[in-house]
1. Can you pull out every residue in segment 18-30 that is over 15 Å from LYS71 (Cα atoms) and loosely packed, with under 12 Cβ neighbours inside 10 Å?
2. Can you pull out the residues in segment 61-79 that are modelled with pLDDT of 95 or more and either surrounded by 14 or more Cβ atoms within 10 Å (Cβ to Cβ) or among the aromatic types (Phe, Trp, Tyr) (or both)?
Amino acid sequence: MRAVYRNPGELATCLKDLVDTYLEGLISYEKFESKVVKIINANEDSVYKGGHMPVKLANTLESSRVEIINKIFEDMQQA
């Protein structure tokens with residue numbers, strides 16, 4: 001898995017696949033969370049601009065996946 005994505009489509013696909021892998025029970029929450037945190041940190045403005053996920057990315061991920069990623073992002077902000 002790469003950490004930095006220049007293409008927003010590839011970033012969305014990576015996050016979508018990662019969330020789906022977690023939801024299918026193939027990886028633990030801790031491992032999933034650490035991977036999402038790495039992607040968010042490496043792609044800063046591509047994942048969250050001003051604390052909000054860009055509409056194009058959110059539309060690709062769909063609301064259920066966005067909620068899961070937003071929870072991890074909120075936990076990052078509190079830590």
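1. Of everything in segment 18-30, those that are over 15 Å from LYS71 (Cα atoms) and loosely packed, with under 12 Cβ neighbours inside 10 Å turn out to be ASP20, GLU24, GLY25, LEU26, SER28.
2. Selection gives LEU61, ARG65, VAL66, ILE68, ILE69, ASN70, ILE72, PHE73.
Condition check ((1) more than 17 Å from ASP75 (Cα to Cα); (2) aliphatic (A, V, I, L, M); (3) assigned to a helix (DSSP H, G or I); (4) out of contact with any helix residue (DSSP H, G or I) (no Cβ under 6 Å at 6 or more places or on another chain)) across all residues:
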residue: ARG2; (1), (2), (3), (4): yes, no, no, yes
residue: TYR5; (1), (2), (3), (4): yes, no, no, no
residue: ALA12; (1), (2), (3), (4): yes, yes, yes, no
residue: TYR22; (1), (2), (3), (4): yes, no, yes, no
residue: LEU26; (1), (2), (3), (4): yes, yes, no, yes
residue: LYS31; (1), (2), (3), (4): no, no, yes, yes
residue: SER34; (1), (2), (3), (4): no, no, yes, yes
residue: ILE39; (1), (2), (3), (4): no, yes, yes, yes
residue: GLU44; (1), (2), (3), (4): no, no, yes, yes
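The values are calculated or read from the model by the stated rules, or taken from the named source; none is laboratory data. These numbers come from a predicted model, not from an experiment. Cβ sites come from the backbone with ideal geometry, for glycine too, and all protein chains shown count toward neighbours.
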